[in-house]
Amino acid sequence: MCPTNQKHRISGEQCSLSGESITTATPTEWILESISGGSLRNVDLHTGTNGWASPPGDLFSLRSKNYFTKRTKTPSGEYLLSPAGMDWLKSTTKLDNVLARSAHALGKSLKSFIFAVNLQVPEKDHHSAVFYFATEDPIPSGSLLYWFVNGDDSFWNQWFKIVNWIVKGPWIVKKAVENYGVCLLGKALTCNYHRGSNYLEIDVDEAVRVFETKGKGFCA
């Protein structure tokens, strides 16, 4: 597990269901410590290799307020949660509910809310790519983020999506994965949801199949 310690804050804006602007947070000390403490290192977005980096939020275009009438998308803007590190874990058995494990420091951070996505890759040895996001600020009641973290399996299956974007790679790979394509993971794969007092973890079973399926569809 990752040897992480903590402390944080986020700044930017999110919108409630009524359209009101809500102040979010920026990384502080514990987030930075968590980022540097993960088993997979944080690297430069443009020059780094063998690690992870966080691109600016406005790189991704999402549905705008008038999407259903004009079918337009706009840059997403600031993140609602700060990236808080990544782990590449190996085990003889599938790793579920990582944040609930007693050795995981992020799961013990009671002053914050942690969101984790655990992409499980089954092989002879089981691997998990676990992405962590966090905030110390209370999640505003009535906001879309509040609705999401307090949902149920049915709600999460309907709304949890992954937006693909290949930064570098052969043209055929980019075409196969479809940059900016959206996949509802809860419908494509089995997702197991774990809601703790201060976290939500989504374990995506056999996550690699999402990309395999897209690649096969393109080749066909």
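The values are calculated or read from the model by the stated rules, or taken from the named source; none is laboratory data. Just so it is clear, the structure is predicted and the values come from calculations on it, not from any experiment. FYI the Cβ positions are ideal-geometry reconstructions off the backbone, even for glycines, and counts take in every protein chain you see. Side chains included, ligands, DNA and RNA excluded: accessible areas come from the protein's heavy atoms. Shrake-Rupley method; radii C 1.70, N 1.55, O 1.52, S 1.80 Å.
List every residue pair whose Cβ atoms sit under 7 Å apart, with the two residues 6 or more apart in sequence or on different chains, where the first one lies in segment 49-73 and is assigned to a loop (DSSP other than H, G, I, E, B) and the second, anywhere, is open to solvent by less than 60 Å² (accessible area, probe 1.4 Å) and not β-branched (Val, Ile, Thr).
Here the result reads Gly51/Leu40; Ser54/Pro83; Phe60/Ser76; Thr72/Ser64; Thr72/Asn66, each pair linking segment 49-73 to a residue that is open to solvent by less than 60 Å² (accessible area, probe 1.4 Å) and not β-branched (Val, Ile, Thr).
When you scan segment 37-48, how many residues do you find that are assigned to a loop (DSSP other than H, G, I, E, B) and either within 10 Å of Asp87 (Cα to Cα) or touching a strand residue (DSSP E or B) at 6+ places or on another chain (Cβ under 9 Å) (or both)?
Residues meeting the conditions: 6.
If you scan segment 147-172, which residues turn out to be in a loop (DSSP other than H, G, I, E, B) and either modelled with pLDDT under 80 or over 17 Å from Ala188 (Cα atoms) (or both)?
Answer for segment 147-172, where residues must be in a loop (DSSP other than H, G, I, E, B) and either modelled with pLDDT under 80 or over 17 Å from Ala188 (Cα atoms) (or both): Asn150, Gly151, Asp152, Asn164, Trp165, Ile166, Val167, Lys168, Gly169, Pro170.
Hey, does segment 73-83 have a residue that's modelled with pLDDT of 80 or more and either in contact with a His (Cβ under 8 Å, 6 or more places away or on another chain) or exposed (fewer than 12 other Cβ atoms within 10 Å of the Cβ) (or both)?
Yes - at least one qualifying residue is present in segment 73-83.
Just the residues that are in a loop (DSSP other than H, G, I, E, B), open to solvent by 40 Å² or more (accessible area, probe 1.4 Å) and either modelled with pLDDT of 85 or more or among the small types (Gly, Ala, Ser) (or both), please, taken from segment 98-124.
Passing the criteria: Ser102, Ala103.
Those residues that are of a type in the set (Ser, Thr, Tyr) and either open to solvent by 50 Å² or more (accessible area, probe 1.4 Å) or assigned to a loop (DSSP other than H, G, I, E, B) (or both), I need them from segment 125-145; list them, please.
Ser141
Just to be sure before I move on: is Tyr180 of a type in the set (Ser, Thr, Tyr), at pLDDT below 80, open to solvent by 20 Å² or more (accessible area, probe 1.4 Å) and closer than 25 Å to Leu62 by Cβ in the structure I sent?
Yes; evaluated as a whole, the condition is true for this residue.
Residues in segment 34-59 that are under 18 Å from Ile114 (Cα atoms) and among the small types (Gly, Ala, Ser): how many?
6
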